[in-house]
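The values are calculated or read from the model by the stated rules, or taken from the named source; none is laboratory data. Predicted model only: the values in this text are computed from it and were never measured. As a convention, Cβ positions derive from the backbone with ideal geometry for all residues, glycine included, and neighbour counts pool all protein chains shown. Calculation scope for accessible area: heavy atoms of the full protein, side chains included, ligands and nucleic acids excluded. Shrake-Rupley method; radii C 1.70, N 1.55, O 1.52, S 1.80 Å.
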Amino acid sequence: MKKLFSLLLALAVLCSLASVAFAASTEQSEILWDENEETILLENGGVYGQGDTAFTLVVSCLSETATVTVNTDAKTVGEALAELSIVAGEDSEWGLYVKTVNGITADYDTDGTYWAFYIDGEYAMTSLDGTEIDPDSVYMLTVDGIELEEGETVPLHDGKNYGLGEKEFAFQVTDKEGNVTSVTVCTDADTVGEALAELGIIAGDESEWGLYVKTINGITADYDTDGTYWAFYIDGEYAMTGVDATEIDEEAIYSFAIEG
C-alpha cells in the first residue's frame with residue numbers, strides 16, 4: 001500500500017493545534033542557509049523575524065517536521081515568509097509559486113511533487129501571499145506527491161523531529177556498523193508501533209506475534225534471507241512486548257538495532 005504523508009500530517013494538525021502553538025518571542029534562532037543560499041534552514045521550536053504579529057508555521061517533508069514561530073509586521077503569510085527567506089519560488093498569475101522551503105525543493109514539472117499550503121489542517125483556498133495573517137491559525141507547508149511503495153521507509157536525520165501530536169518520545173536506530181541515529185517522534189497514536197508505522201519510519205509484515213519489522217531508515221534486515229533482524233529495545237533493555245503492543249511512555253527511549 002502506498003502512503004501519502006501530506007494527508008496524514010494535515011489531519012494531525014487538526015488534532016494537535018494546542019501542542020504546536022508558540023507564544024510570541026523576540027529571542028531569535030541562529031540563521032543557517034541551505035547549500036544554495038536560497039532559503040534558511042529551520043530549527044524545530046525556532047523563532048524567526050521581528051514584529052508585532054506572531055504565528056505558527058509547520059514545515060514537513062517525508063514526516064520530518066519543523067514547527068516554528070514567525071514574528072512579523074507583514075500583512076500576509078507569503079510576505080512574511082518571503083521577507084525572512086523561509087520560502088523561495090517564482091511569481092505566477094496565482095501569486096508566489098513556492099518551490100523551496102527549508103532547503104527542500106519540490107517542482108511539479110520536474111518530479112511531480114509540490115509544496116501544498118494548509119491552514120488549520122485544511123487545504124488552503126487562498127495562495128500563500130493572498131492569505132492575511134491570523135495569529136490564531138496554524139499554517140503548514142508540506143510536500144505533496146511523495147509516495148512510498150509498500151515496504152519502503154522514510155530517511156531519518158539525526159536530531160530531527162518526525163510527525164505531529166501531543167505525545168513525544170525519543171527513538172534511536174543502530175545500523176550494522178554501530179552508527180546511531182537519534183530522532184524525536186511526535187504523535188497522537190497509542191502505541192510505539194502505530195506511531196512509527198503511520199509515519200513510515202518502520203515497515204514489515206504482519207505475523208501472529210504482531211508486526212515483524214524488516215525495514216528502518218531504508219535498511220532491511222530479514223532473518224530468513226541473511227540471518228539478521230531488527231531487535232527492539234526499551235531504555236536499553238530487550239523489549240518483552242512487540243513494538244505495536246508497546247504503549248507509549250514519553251519518558252522512555254525506544255530503539256531498534258540490527259542483530260544476527
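For the reader, a short list of remarks on this structure follows.
- At most 11 other Cβ within 10 Å, DSSP loop - GluC sites (Glu not before Pro), the range 158-239: 177, 208
- Applying a DSSP loop filter and a limit of 12 other Cβ atoms within 10 Å to the chymotrypsin sites (Phe, Trp or Tyr not before Pro) in the range 154-260 leaves 209.
- Using R0 = 25 Å, the C-beta based FRET efficiency linking residue 94 and residue 37 works out to 0.40.
- Straight-line cross-link partners of residue 75 among the aspartates and glutamates, defined as a Cα under 12 Å from its Cα and at least 8 positions apart when in the same chain: 52, 83, 129, 132, 134.
- Taking every protein chain into account, the 1.4 Å probe leaves residue 181 with about 30 Å² of accessible area, to the nearest ten.
- Counting only DSSP beta bridges whose two residues both lie in the chain, roughly 80 percent are antiparallel.
- Measuring with a 1.4 angstrom probe and ignoring ligands and nucleic acids, residue 247 comes out at about 140 Å² accessible.
- Distance between the range 58-113 and the range 151-173 - C-alpha centres, whole angstrom: 22
- Multiplying the residue separation of residue 207 and residue 250 by 0.36 nm and subtracting their alpha-carbon distance yields 12.8 nm.
- Coil-residue trypsin sites (Lys or Arg not before Pro) of the range 145-233, DSSP, other Cβ within 10 Å capped at 14: 176
- Calculated [222 nm] ellipticity per residue, helices only, for the chain: -3500 deg cm²/dmol; basis is -39500 (n - 2.57) per DSSP H run with n ≥ 4, divided by all residues, nearest 500.
- In nm, spacing of pseudo-spin labels at residue 168 and residue 222 (7 Å Cα→C-beta vector): 3.8
- Computed FRET value (nearest 0.05) for residue 149 with residue 28, which takes r as the C-beta separation and R₀ as 51 Å: 0.80
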